[in-house]
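Worksheet: one structure, shown below.
The values are calculated or read from the model by the stated rules, or taken from the named source; none is laboratory data. Computed from a predicted structure; not experimentally measured. Please note: Cβ atoms are built from the backbone with ideal geometry, for glycine as well, and neighbour counts cover all protein chains shown. For accessibility, only protein heavy atoms count, side chains too; no ligands or nucleic acids. Shrake-Rupley method; radii C 1.70, N 1.55, O 1.52, S 1.80 Å.
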Amino acid sequence: MNKRTGSLSWLWLTAVVIALDLGTKYIADTTLNYGDPHSILPVLDMTLLYNTGAAFSFLAQAAGWQRWLFVLIAIAVSIMLTVWLKRTDKAQWWLGMGLALILGGAIGNLYDRIVQGYVVDFISVHYNAYYFPAFNLADTAITIGAALLIIDMIFLEKQREPASDQT
């Protein structure tokens, strides 16, 4: 492993996630009417919504202090993810890719929170009267990244352990 850069080469993926996320949020914000669903498929709408809370609108009804709490958490998590990425061996590409996706999603939503005070959500998945909370590409990247970390932990971590550590 290159001790100086680790898996920082995955930062290109972080940049792509940020660009796609902010670009699609801009398009949604400038072309959709707030709260007005635009049907794409029978189970998929594009619906512009603003989330002042966290995942699933957690603390969305708070008085405004939550904005800065979530900003501080996102900054701390982004720093931690960058350090973790730097310390990750380049050969651990599932882990590196997962960390880069989560970092890109975190920064995309952090930008919204700092600049606008809310996160732009616009993807609405539903079946009949059952709706999943609206989300965006940053949320999608975070979810895929977390899945890659879980796959790495469950299936690949044991393969990396030295023979003397295995029982």
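Taken as a whole, the condition of being of a type in the set (A, V, I, L, M, F, W, C) and more than 18 Å from G6 (Cβ to Cβ) applies to L69.
Condition check ((1) open to solvent by less than 90 Å² (accessible area, probe 1.4 Å); (2) out of contact with any Ser or Thr (no Cβ under 8 Å at 6 or more places or on another chain); (3) on the phi > 0 side of the Ramachandran plot; (4) of a type in the set (A, V, I, L, M, F, W, C)) across all residues:
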residue: L72; (1), (2), (3), (4): no, yes, no, yes
residue: M97; (1), (2), (3), (4): yes, yes, no, yes
residue: A106; (1), (2), (3), (4): yes, no, no, yes
residue: N109; (1), (2), (3), (4): yes, yes, no, no
residue: V120; (1), (2), (3), (4): yes, yes, no, yes
residue: A134; (1), (2), (3), (4): yes, no, no, yes
residue: T143; (1), (2), (3), (4): no, yes, no, no
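Out of all the residues in the stretch 94-106, is one or more outside any helix (DSSP H, G or I) and hydrophobic (A, V, I, L, M, F, W, C)? No: the stretch 94-106 contains no residue that is outside any helix (DSSP H, G or I) and hydrophobic (A, V, I, L, M, F, W, C).
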